[in-house]
Each structure stands twice: as structure tokens, then as C-alpha cells.
Amino acid sequence: MKIDADVYTIQELEKYYFVVPDYQREYVWEADKHIYQFLVDIDEEFEAHSHDQQSYFIGSIIVVKKDSKYDVIDGQQRLTTIVISLCAMRNILEDLQEKGQLTDMSSSILDIIKGWLFKFDLKTKSTLSRLELQYDESNGYLETIIQKKTYEGEITNSIQKMQKAYERIFKHLQDYLNQGVELFEEYTQYFLTNVNVVVIESDNLGSALKIFETINQRGAGLNAMDLVKNLMFSKANTHDFETIKTKWKQITTDLQACDEGDKPLRFLRYFMIARYHNGIIREDDLYSWIISKEGKHKLQYETKPLNLVNEMAIAAKRYSHLVQATNSDSSNIGINKYPNVVKIGYINKQRSRQHLMLLMALDLNCDDNV
């Protein structure tokens, strides 16, 4: 396993062209939570009118080189937010330029940002953006922001989050501009030259996914559901990636259908307790058990990852219908599919959940009338 790790300023990231592969998680950062904290953390390190600015470490990015670009295995949320921030900075600077208010310093910063965001490749006669999002939910939206084009496609949940992120960042930058062009220049200069990122380059996907797992399995980064998804990709053959991606999207859609899209660990916990784990297990301990010797033996994902993903996809659909029935949600098909489960929901005013584990333990191919 060959690993290279180097510290770069945001400006220095221009040596890379990044791609977020289609099997990666979509953009999920919330404007009032993650973007707010992103901006606050930078503000706390930035010192106005200082000639000795302290550097700020914003996190790491794990990449694997693929042809002339780099696939992002971890850090896509942070990297997307950086790109959105630079788009907002460019737009403000271009507005100043149109008003004839651009200083020489601002003009230089504008040129740097524009060159960072994209370039026109004469060889291919196409525009190369610094970051390309390939997952379905992105729908080419980030590309339109980078190239200042009008987006006319579907507004997915991921795109909505990117739009709100941009609005929050733009307002934050505008607050600096309202205090003077010089202060805004200082802030953009600090963002480009003093905010640091560690780029971890691995020589192959398997090694990169292992690094990702090691960094995140302690619970500081992602939840167990994200880590299980990563684990399945790391164990699968590349020709199965598309199938796993489709199945995982199906799992996500089914959990969203029962209003548990933001609580995937409940499903994962019930699934494991009902079908594999002997006894009760807390959500915080799920991933540790899954990668334990016992978990590997029972789940068999090291040799048959696709089997486990298929089983989870079937179970997620049943779970979704059972939750809908328990909640007496007449707008969904669960209440019609499992009418008797609706009565169980009445026992505890739709808060009953224990029966879900029992029903999840049934053969997944059994008839619904069972």
C-alpha cells in the first residue's frame, strides 16, 4: 500500500482535478449546521488587518488517481463546499468589477479564483471544472454554478442543499464586503492562502477505502450506514459497483418513504438484531460488530458483499412498509399491505417498534399474508 500525504492551501489544490464518483454519497451538508460551522471555524482563525495570519487546518481529502483526474473517496462534502465558496467569491468580485470598484488586489484575486475553478482545454475543446460530481442527485448543478450558467433541471434534495449552502456563504461574504472592500480582499486572500487541506493519495481504490474506514470507523466522521456502504464497495468487484449503487439508492428511497431517511441506523440496527446479531446492540456499536470476527463470519460480506446488499435492499422495503403501517400513514402503501400491523401501532399511539424486529426476522421471501 503506497500512501502520499501532503498539506496544501486551497489555492494549491489547483494541481488537481477532482471527481466524486457516482457511488459516493450526495451532498448533505445543512446550511444552518455544517455550513454555519464551516464559516465560524474560519472566522475564528482569521484576524482582520493582521500581517501574521495563522493557518487553519480544515480537514483531509482521500483521493485515488484515475487517468488525469483524481477520484475523491473521502472529503467530498468539504471539497464541494470549498468550490461553492469560491464561486460566491468570484461572483461578488465580478459584480465589483462591473461597478468599476475592483482594486488591483481584487483583480488579481479574481483571476486566481477563475483560473482555479475551471479552464478551457484546447486539446479536447472542452471546459475542465476543478470538481466534477458524478452521482445522480447532483444532476450537473455544480457545473452550472462553476461556469455561471442557468440551471433548468430537477431540484433534487442534494441540489437544494447546495443552493442553500451558496446563499449562506454569499451572505457571509457580503457581510465582510459591507465592512469595506479591503476587508473582503483580506478574507478571500486568507481563504486561498491560509486555509489548509491534507490530501491523502493512495495508489489504488482498495487502499483508499481502507484508509477511509480507518479514519471514520471511530464515529467521528460518518455513521455506520455510510461505513457499511463503503465496506461493501471495498469488498466488491468493480463490475458490481453499478448494482450496489442502484441497490443502495433503493434502500435510501425506501427509508425516505417511511420518513426515516435521516435515521438509517434504526433500520440497520433492527436488521442486524433480527437476522444476525445475538442479543441487543446499540447503534454506536453496530459498525464495530460488523467488522468484528463474529460479524464477518455471520454476514459473509468479505466473499459475498452483493448478497448482503441484496438482502438489505429487500429488508429495507419491507421495513418501510411496516413502519408506514405502524404509523397509520394512509398516504403510503404500507397501511394497505399490512392492515393488521396498523392495529399494533394503535397500542402505543404509533410509537411501537418492538414488533418490527420480530417481523424483520421472517423469511424475506415469505408471503405478506404470513
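The values are calculated or read from the model by the stated rules, or taken from the named source; none is laboratory data. Keep in mind the model is a prediction, meaning the values are calculated, not measured. Cβ atoms come from the backbone with ideal geometry, glycine included; neighbour counts cover every protein chain shown. All accessible areas refer to the heavy atoms of the entire protein, side chains included, with ligands and DNA or RNA removed. Shrake-Rupley method; radii C 1.70, N 1.55, O 1.52, S 1.80 Å.
Out of curiosity, is Phe170 open to solvent by 40 Å² or more (accessible area, probe 1.4 Å), modelled with pLDDT of 95 or more and aromatic (Phe, Trp, Tyr)? It is true that Phe170 is open to solvent by 40 Å² or more (accessible area, probe 1.4 Å), modelled with pLDDT of 95 or more and aromatic (Phe, Trp, Tyr). Sub-7 Å Cβ pairs linking a first residue in region 295-311 that is touching a residue at least 60 places away in the same chain (Cβ under 8 Å) to a second residue that is open to solvent by less than 40 Å² (accessible area, probe 1.4 Å) and assigned to a loop (DSSP other than H, G, I, E, B), at least 6 apart or interchain, are Pro305/Ala236; Leu306/Ala236; Leu308/Tyr301, ordered by first then second residue. Is at least one residue of region 124-140 closer than 18 Å to Val83 by Cβ, at pLDDT 95 or above, more than 18 Å from the chain's Cα centre (by Cα) and crowded, with 17+ Cβ neighbours inside 10 Å? Taking every residue of region 124-140 in turn, none turns out to be closer than 18 Å to Val83 by Cβ, at pLDDT 95 or above, more than 18 Å from the chain's Cα centre (by Cα) and crowded, with 17+ Cβ neighbours inside 10 Å.
Assess whether Lys33 counts as being touching a helix residue (DSSP H, G or I) at 6+ places or on another chain (Cβ under 9 Å), open to solvent by 50 Å² or more (accessible area, probe 1.4 Å) and of a type outside the set (Gly, Ala, Ser). So Lys33 fails the test. Out of Lys99, Lys114, I need the residue that is surrounded by fewer than 20 Cβ atoms within 10 Å (Cβ to Cβ), closer than 24 Å to Val199 by Cβ and without any contact (Cβ under 8 Å) to a residue 40 or more places away in the chain. Which one? Only one candidate qualifies: Lys114. Taking (1) at pLDDT below 90; (2) touching a helix residue (DSSP H, G or I) at 6+ places or on another chain (Cβ under 8 Å); (3) open to solvent by less than 30 Å² (accessible area, probe 1.4 Å) in turn, Pro21 satisfies each apart from (2). Annotation note: of Asp52, Asp43, the sole residue that is of a type outside the set (S, T, N, Q), without any contact (Cβ under 8 Å) to a residue 24 or more places away in the chain, part of a helix (DSSP H, G or I) and farther than 22 Å from Ile155 by Cβ is Asp43. Residue check, Ser106 against (1) open to solvent by less than 30 Å² (accessible area, probe 1.4 Å); (2) free of Cβ contacts under 8 Å to residues at least 24 places away in the same chain, all met but one. Which one? That leaves (2) as the condition not met.
Return yes when Leu192 is at negative phi, surrounded by 18 or more Cβ atoms within 10 Å (Cβ to Cβ) and in a helix (DSSP H, G or I) and no when it is not. Yes, satisfied.
Among the residues of region 44-77, those identified as closer than 25 Å to Asp203 by Cβ and either open to solvent by 40 Å² or more (accessible area, probe 1.4 Å) or in contact with a Lys or Arg (Cβ under 6 Å, 6 or more places away or on another chain) (or both) are Phe57, Gly59, Lys65, Lys66, Asp67, Ser68, Lys69. Can you spot a residue in region 17-25 that is under 30 Å from Thr246 (Cβ atoms), touching a Gly at 6+ places or on another chain (Cβ under 8 Å) and not in a helix (DSSP H, G or I)? The answer is no, given that none of the residues of region 17-25 is under 30 Å from Thr246 (Cβ atoms), touching a Gly at 6+ places or on another chain (Cβ under 8 Å) and not in a helix (DSSP H, G or I).
For region 1-18, filtering for residues that are open to solvent by less than 20 Å² (accessible area, probe 1.4 Å) and either at pLDDT below 95 or touching a Lys or Arg at 6+ places or on another chain (Cβ under 8 Å) (or both) leaves 3.
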